[in-house]
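Reviewing the structure listed below.
The values are calculated or read from the model by the stated rules, or taken from the named source; none is laboratory data. This structure is a prediction, so every number in the text was calculated from the model and none was measured. Here the Cβ is made from the backbone with ideal geometry for all residues, glycine too, and neighbour counts use every protein chain on show.
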Amino acid sequence: MVRSKPGPSKKPKRGVDFQKFKRKIGRKLPPPKNFTDTQIKSKAIVLPEQSVASERAGLAVNKKGLTLRELLQQTSHHNAKMRKAALTGIKDLIQKHPSELKLHKVAIIEKLRERICDNDKVVRESLYQLLETEVFRCSKEDISGPVISLLMAYVFNAMTHMAVDIRLMAFKFFNLIVHCFSSSFILYAEKVLDNYIDILKNNQIYLQDKNKLKNVLDGLIHCLSSLTGKKGGSDPTFELNNVEKKRLHSFETAVQKDDAGFPFLAKKLDDLMPILVNCFKESASLIRVEPIIDVQSFDCCLKTLQCINLAFKVLTKKSHTPHESSGVLPFPLSNGHNLMRSTILMHLKNLWELFPIGKMHPSTEKEDEKYFTLNVRIVEIFLHLIEMLDDTKVPITKFLEFVESLLLWQVCTPGSFLVGNNFPSNKVLLEKHFGSVIPFIPRVVSQITGSWRTRLLDAFTRAFENCKVDSKLCMAYLSAIEEMLLPVKSEGVLSITSVYPEMSGYQIAWIRVLPKILLYLGYKQSSVSKFVLKLMLRIGQWSLQNSPIALEYDYLQWSLKEFYSTRGLAGEIQYGPFIKLPRDCQELAIFSLCYFSSLSADLLEALTCCCLCDDMEQIILLRIVEVLQSAYKAGHVQISDQIGFLITLIARFKVFPEKLSILEIDGKNSNRGTFVSLTTAACSFLSQMGDSSLVLKLLWKNLYNEMSLKPSLDNMYGLLRMVATLDTRTSKLPEESIRNLSNWLFVYLVGAASDIPEHGDATSDSDQICIFRYYMQPCLIMFRRSGTLLFYVLELLASIMENNLSSLSLLGEEYALDGFNRSRVVCSILIFMHNDAKLHKSLSQCEVAILHIMQNVLNLLDSSKSSITLEEKNVLQTAFDQLKLRACKLLHRNASNLEKLLGGCVSWRC
């Protein structure tokens, strides 16, 4: 028997001090046995109407949910970042809710003004942007003087601040206020100029950085510009009325006591002037010695010169008495300003010593351009004050040499002229600066004497003649020429040529260039063309009779012919720029015609072609006719030329569409209304020329030529209206003329009646009958006056019913009708005549012709003698019955007597 294995022996337990537990990673450890839970659990307490959102309901908030009141409070926060964020929030709120600014503008500005003296630069810049882009821009009309005065107190406080950055920023704030409210500077000019003087006087301390000096000068430029009227549309008023001052200062504790206006400004500007000249002198000396011109230093020099120029303009604005009608002659200084004149001359002398500015060592082309710019600005200052210069104190020769060289740069090559005078070769730069010098030429020419006047006039004339028409300088030249061409009004009309006789030759040379400018420009630059046309008109108005200027003005019409129209070699019309220019330019060109002492036939022909152009507006067409009639009355147009002009217009005017009942053709409205207005005007003008019978004799040859060409019905209508207007008794015409007139009327009536329908009634108001009445009006007028003319026409109408070849040849192929239609047309014409009661007297004298027509109708109705259809016979029968009824009344006969006169032919009745 096998013994079983013994089980494993158990080890005896031992004592354990620390027991090790295996914990899984991430499982929370159990609290210790002595842990005490201190957590308190409670339910949330909800109080009604206590949430922030409910308090803001209905209030305007920005993106962060802050109201205007909260944002304004945060602008005074001790933290600069919070103040900047508040200003940004206000900007956002105003953009979202513009009404907030209108409702609370005073409260907003009162709070924001505190940040003008803020110690943080970023906060001040944010305030500036907020005022510029939102507050001033959105409510500029609503901000009045009292609101501005709220800002000015803090601006002046900042201008005297110990911190340089705050002082400089104060000038920037003031510049913004002046930019938006230009009258602000006038009220606070004394205080502001004191601060500008102080900071510029100590520029070595405050303005060591040229960029800071540049910002200060920018502000000063803007302030001085507000005094010279550059920013506004009119000149500023130095002395405000009491009502405006009271309104502007209504929120100030004390109003400025100095109401003198200009005198206190002159004193401050006089103190400012030497400081500016010294500032320029220092900056100019610095850039001359430096190897490379510093951009900021150059800008400071340029802006300093601009400040000097503006200051001089302000000083001389009240010290001059401008002339009423022209700035050509120098306006003399008023009495009591001799001291100011001496002061200005002293400042000019200090500036004169610096001219011309140049590099002390060889310079580059770019540097020469900058020196040239500075020298031009200095010359502008002296040219502006040319009438005040005393050659003994401030020699002006070198300035005149500079101006002469500048004038001649256009006619000389850069290699031969410009380089020799140290002028840059940059043509764009030269044109830019030269354009600012040209306006002073008239003043300089009127001020200087001797050979220099001739030299400058010669240089100016050569430069103008060589100037390209499309150049920007062209308008500057024309403006200067306008000043030197037009007369000066002083105790009557005084020609500038009588003041300076040597200018006559130059003035003629300028006038001859004007038509060339118009032809070169065409219709592309209408503003320049308008200026030239206005200048020509004023020359014609002001030039004295038989003077050299007046004679030269007359010669312009030979050059102006191409401006209106010309004819090519094949006879085709080539229209000039006049047709496509705007209406105001066209009217100026038309009015200029009045002042030619005698209009040539060529110019009249060119005008006639323009009038016949389809693109000509009705108002311009009628204006041309009116102006030429006025010129005729003034003796500038011969009567034969004027008559020929009017007849040609009426005979050749193309009326569209040809059929009167059509209102449009190819989407273009009919011009028949224009033709009717033109015809009415022409008839009225012809009747004003004198004895009607004499005028008719003068125009008969032209009339005969035009009617022989067989014009359209509308043109024929216009010509016949002219005859009806002039010939009160057609019987006064020669027999041959009456015969010719009857032939034309015969063709005209047949053509007008051709469109009457077969079943038309002369008494109806259908379109065709109304059109026929329109065409018949001039004929009826002439028939009432002359029974002879009516008889001839009726005989011709009767003859075509008999197939008379001579009468049919007058109609031609255009109105080639068969026998039935000819008879129908003649009956319609005669019935229409019978319906006119005023014509009965003349018709009663033509009994033979009327019976002749009726007999021809009877012959055609006779079935044995005609081949017309039964339907056509019915139409003629109706027409004959109407004609018979009217003939009985007209001739005072009964039907049986009329039938006996007609030969008793009644067998045709069906």
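With the requirement that a residue be surrounded by 19 or more Cβ atoms within 10 Å (Cβ to Cβ) and under 14 Å from Thr88 (Cβ atoms), what does the stretch 102-123 give you? Within the stretch 102-123, Leu112, Arg115, Val123 qualify. Taking the stated definitions as given, is Leu719 of a type in the set (A, V, I, L, M), in a helix (DSSP H, G or I) and either at pLDDT 95 or above or under 17 Å from Leu741 (Cα atoms) (or both)? Criteria met by Leu719. Of all residues in the stretch 518-536, those that are at positive phi and assigned by TED's automatic domain parsing to the domain that holds Phe596 have Cβ atoms under 8 Å from Cβ atoms of residues that are buried (at least 19 other Cβ atoms within 10 Å of the Cβ) and of a type outside the set (Lys, Arg), 6 or more apart or on another chain, in Gly522/Pro577. Within the stretch 512-520, the presence of at least one residue that is in a helix (DSSP H, G or I) and either among the acidic types (Asp, Glu) or more than 23 Å from the chain's Cα centre (by Cα) (or both) is confirmed. Within the set Glu353, Glu290, Glu282, the sole residue that is among the charged types (D, E, K, R) and either modelled with pLDDT of 75 or more or in contact with a strand residue (DSSP E or B) (Cβ under 9 Å, 6 or more places away or on another chain) (or both) turns out to be Glu282. If the condition is being among the hydroxyl-bearing types (Ser, Thr, Tyr) and under 22 Å from Glu706 (Cα atoms), then the stretch 594-646 contributes Thr608, Ser640. If the condition is being buried (at least 20 other Cβ atoms within 10 Å of the Cβ) and among the charged types (D, E, K, R), then the stretch 269-305 contributes only Lys303. Take the conditions (1) surrounded by 20 or more Cβ atoms within 10 Å (Cβ to Cβ); (2) modelled with pLDDT of 80 or more; (3) under 36 Å from the mean Cα position of the chain (by Cα); Leu200 misses just one of them, which is (3). For the stretch 642-657, filtering for residues that are touching a residue at least 40 places away in the same chain (Cβ under 8 Å) and surrounded by fewer than 17 Cβ atoms within 10 Å (Cβ to Cβ) leaves 2. Here Lys432 fits the description: surrounded by fewer than 18 Cβ atoms within 10 Å (Cβ to Cβ), under 25 Å from the mean Cα position of the chain (by Cα), charged (D, E, K, R) and assigned to a helix (DSSP H, G or I). Tallying residues that are in a helix (DSSP H, G or I) and out of contact with any Gly (no Cβ under 9 Å at 6 or more places or on another chain) within the stretch 825-843 yields 13.
Here Arg443 fulfils each of the conditions (1) over 14 Å from Val376 (Cα atoms); (2) of a type in the set (D, E, K, R); (3) at pLDDT below 80 apart from (3).
Within the stretch 813-823, the residues that satisfy the criterion of being surrounded by fewer than 22 Cβ atoms within 10 Å (Cβ to Cβ), in contact with a helix residue (DSSP H, G or I) (Cβ under 8 Å, 6 or more places away or on another chain) and within 27 Å of Gln777 (Cβ to Cβ) are Glu814, Tyr815, Ala816, Leu817. A residue that is in contact with an Asp or Glu (Cβ under 8 Å, 6 or more places away or on another chain), surrounded by 17 or more Cβ atoms within 10 Å (Cβ to Cβ) and not in a helix (DSSP H, G or I) occurs somewhere in the stretch 724-733. Looking only at residues of the stretch 787-812 that are among the hydroxyl-bearing types (Ser, Thr, Tyr) and in contact (Cβ under 8 Å) with a residue 24 or more places away in the chain, we find that the one that is surrounded by the fewest Cβ atoms within 10 Å (Cβ to Cβ) is Thr788. Output yes when any residue across the stretch 687-710 is over 17 Å from Phe656 (Cα atoms), in contact with a Ser or Thr (Cβ under 6 Å, 6 or more places away or on another chain), surrounded by 14 or more Cβ atoms within 10 Å (Cβ to Cβ) and touching a residue at least 40 places away in the same chain (Cβ under 8 Å), and no when none is. No, the stretch 687-710 has no match at all. Kindly indicate whether any position in the stretch 103-119 is farther than 30 Å from Thr160 by Cβ and among the acidic types (Asp, Glu). The answer is no, given that none of the residues of the stretch 103-119 is farther than 30 Å from Thr160 by Cβ and among the acidic types (Asp, Glu). Checked against the criterion of being of a type outside the set (D, E, K, R) and either farther than 24 Å from Ser766 by Cα or not assigned by TED's automatic domain parsing to the domain that holds Ser799 (or both), the stretch 821-832 has no qualifying residue.
The residue list Ile639, Ile624, Ile643 contains one member that is farther than 17 Å from Asp554 by Cα and in contact with a Gly (Cβ under 9 Å, 6 or more places away or on another chain), which is Ile639.
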